[in-house]
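*Asks:* Please find one structure pasted underneath; my questions will follow.
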Amino acid sequence: MSNIVRLLGEGGSRKVYLLRSGNVLKIEKDVCIADNDVEARIYQLAREVGLQHRLAQCHLSSDGLVMEYVDTTAQCLGKKLPVWTRLIDNNQVGFSRKGVLVAYDYTNLLPQEPAVYFDGSRFSVKSEKEALEETLRLMQK
Ligand SMILES: Nc1ncnc2c1ncn2[C@@H]1O[C@H](COP(=O)(O)OP(=O)(O)OP(=O)(O)O)[C@@H](O)[C@H]1O
Ligand SMILES: [Mg+2]
């Protein structure tokens, strides 16, 4: 992993390094953590339905999860952030190098399966993909 420039940040489950390519590498702190798989899966599902606009681009590599760099200082904007950012745990959003406000830690978006909904009169069950798609639609505004 000689492509690592420096440690950028650390959360409860991952350490995040800046890579020479300009992307970041997320490495899980314990073998029982699956956040990288979950994040990559969410991004993949979002791409399949064309709703990846608000998610930092990412893919799995043999070293960990490679994600586009995000300037995380936007998180401090608090109430000035658009409403969709409340769907992301702890407002973990920031500006991509292209200047788009995106989520950089979005593991919380994957619904539990089966996701059960109640619309006031009846219950319905949605697949993981349908439930995620619904959330992603709310994030496009
Ligand atoms: N794409 C990114 N670009 C720049 N910095 C990032 C990026 N992703 C994460 N970071 C930095 O690394 C820190 C840890 O990353 P992340 O939030 O993904 O880890 P985590 O362990 O999943 O967090 P949590 O404790 O919320 O579960 C972030 O708080 C942020 O400072
Ligand atoms: Mg985090």
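*Asks:* In nm, give the distance between the simple-model label positions of LYS15 and GLN112, each being 7 Å from the Cα along the Cα-to-Cβ direction.
*Replies:* Computed distance between label sites LYS15 and GLN112 equals 3.3 nm.
*Asks:* Okay, next question. Placing unit charges on C-beta atoms (Lys and Arg positive, Asp and Glu negative, everything else neutral), compute the dipole magnitude of the chain about its Cα centre in debye, rounded to 20. Numbers along the way, then the final one.
*Replies:* Details: 19 positive and 18 negative charges, 123 e Å.
The dipole of the chain has a size of about 600 debye.
*Asks:* From a point 7 Å beyond the Cα of ARG41 in the direction of its Cβ, which residues of segment 9-29 have a backbone N at a distance under 17 Å?
*Replies:* 28
*Asks:* Roughly what would the spin-label model give for GLU130 and VAL49, points 7 Å off Cα along C-beta, in nm?
*Replies:* 1.0 nm
*Asks:* Residue by residue through segment 40-56, what is 3J(HN,Hα) from phi via Karplus (6.51 cos²θ - 1.76 cosθ + 1.60, θ = phi - 60°)? Round to whole Hz and write x for glycine and proline.
*Replies:* 5, 5, 4, 5, 4, 4, 4, 5, 4, 10, x, 10, 8, 3, 9, 10, 4
*Asks:* What does the helix-only formula give at 222 nm for the chain: each DSSP H stretch with n ≥ 4 adding -39500 (n - 2.57), the total divided by the residues, and the result rounded to the nearest 500 deg cm²/dmol?
*Replies:* -5500 deg cm²/dmol
*Asks:* Measuring from label point to label point, each 7 Å out along Cα→Cβ, what is the ARG137 to ASP63 span in nm?
*Replies:* 3.9 nm
No lab work stands behind these numbers, since they all come straight from the coordinates. Owing to the predicted nature of the structure, the values given are computational and were not obtained by experimental measurement. Glycine gets a Cβ as well: all are built from the backbone with ideal geometry, and neighbour counts include every protein chain shown.
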